[in-house]
Amino acid sequence: MRRLAMAAWCLTGALGTAAASETPAVRITYVANEGFLVSAGSSAVLVDGLFGGRSLGFAEAPMGEALQQLRSAAPPFDRVRVALVTHRHVDHFDPGVAVAFLTSRPEAVLVGPPQVVERLEATTGFEAVASRVHATPATPGADRTLEFGDIEVRALGIPHGPYMVEDPSTGQKVNRHRNTENLGFAVTVGGFTFFHNGDAYLLDAEEYCRFGLTPPEVDVAFLGGLLWPPVEKGFDTIRRCLTPRHVVPMHLNPDQKTAARERLAALKAQLPPLVIPGAPMAEIVLP
C-alpha cells in the first residue's frame, strides 16, 4: 500500500524564535474539497473530511485508498481526536463514513450542527458511537466553545452561502440553501489556531466580525467563497475580521481548478500569503 508523505513545518517568522521552539510541529493534509486534517503534536483535528466514495463532478472527494483510510481511521487519520462537520451536504459529510470512522477510532468525538446529527441518528451503528457525538447550535451568531483535552473548538453559526434557483410554481428566484445549517469553526490545537468557514461566503463582514476572532491572530484561514463577486467585499472581510497569517482557498471546482488557480494567483497580492491545495491527500506546506 502506498503511503502518502506528510512533511512537517514549524511556525516561525511571525511567531518569533521562542514561540516557534515551544510550538509543536504542525502538519496539514488536504483531504478533498473542504476537507482538511490538521495535526499538532499528538493531537489531530479533521474538518469536513468524512465523506467520499462517489464521483461528485462539482467537487473533489476521497476515493479508493483515502476513503478506506478514513473509514478505518488508518494513518494519517489514526491520531484524530476531534472530527468537525460544518454542514450536511454530500461534498462535506456522509453519515456512513462518519459512523465507520468513529467506530474505528473510539478516542475521537464528532461535532456538527443538529441537521448533521439527525442524519447520523438514522445510520446503522450510531448507537455505539452516540455518546461521542455533539450537536451544537448553528443559528446565525451562535457561539459555543467546547474543549477536548488540549483542543479548543469554537463552533460559530455563519449562514450557508446562497444558491439561487427558480421556483417552477412562481418563477421567482429562491435560495435553495436557505434552511441549511452551517457552522464555522475556530480551533486551537497545540497552540496553533485555524479557522474554517464551511460553505459560508465572505461578503457580509458582520457575519465574521461579531465573533471577535482577532486577537489572537488566526494562523491559517481555510476559506470558501474567495472568488464570489464582488471579491473586494470578501477581501475586506478577511482583512478586518480574520487577519490570518495564511489563507487556504477551498471548494475549487475540479473542472474550473486551473482557471481558479490563475485568478487567485492574480489576486494574491491583495491577500495574506495564499496556498492553493494540490491533489486530494497532498500535504500543504505553508511558506
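The values are calculated or read from the model by the stated rules, or taken from the named source; none is laboratory data. If you're wondering where the values come from, they're calculated on a predicted model, not measured in any experiment. Neighbour counts run over all protein chains shown; Cβ positions are idealised from the backbone, glycine included. Note: accessible area is taken over every heavy atom of the protein model, side chains too, but ligands, DNA and RNA are not part of it. Shrake-Rupley method; radii C 1.70, N 1.55, O 1.52, S 1.80 Å.
So the values come out like this:
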quantity	calculated
Matching entry among Leu264, Leu274 (being open to solvent by less than 30 Å² (accessible area, probe 1.4 Å) and touching a strand residue (DSSP E or B) at 6+ places or on another chain (Cβ under 7 Å))	Leu264
Criterion: among the polar types (S, T, N, Q), without any contact (Cβ under 8 Å) to a residue 60 or more places away in the chain, under 23 Å from Phe36 (Cβ atoms) and open to solvent by 40 Å² or more (accessible area, probe 1.4 Å) - qualifying residue of Thr136, Thr124, Thr170, Thr145	Thr145
Residue that is more than 15 Å from the chain's Cα centre (by Cα), polar (S, T, N, Q) and assigned to a strand (DSSP E or B), where the choices are Thr180, Thr145	Thr145
Which numbered condition Gly234 misses (of (1) among the small types (Gly, Ala, Ser); (2) more than 30 Å from Glu147 (Cβ to Cβ); (3) open to solvent by 40 Å² or more (accessible area, probe 1.4 Å))	(3)
Some residue of segment 211-225 being under 17 Å from Ala142 (Cα atoms), open to solvent by 10 Å² or more (accessible area, probe 1.4 Å), aliphatic (A, V, I, L, M) and at pLDDT 95 or above	no
Residue, nearest to Val153 (Cα to Cα), within segment 107-120, restricted to residues that are outside any helix (DSSP H, G or I) and aliphatic (A, V, I, L, M)	Val111
Options Ala205, Ala200: the member that is over 21 Å from Asp91 (Cβ atoms), touching a residue at least 12 places away in the same chain (Cβ under 8 Å) and either open to solvent by less than 20 Å² (accessible area, probe 1.4 Å) or not small (Gly, Ala, Ser) (or both)	Ala205
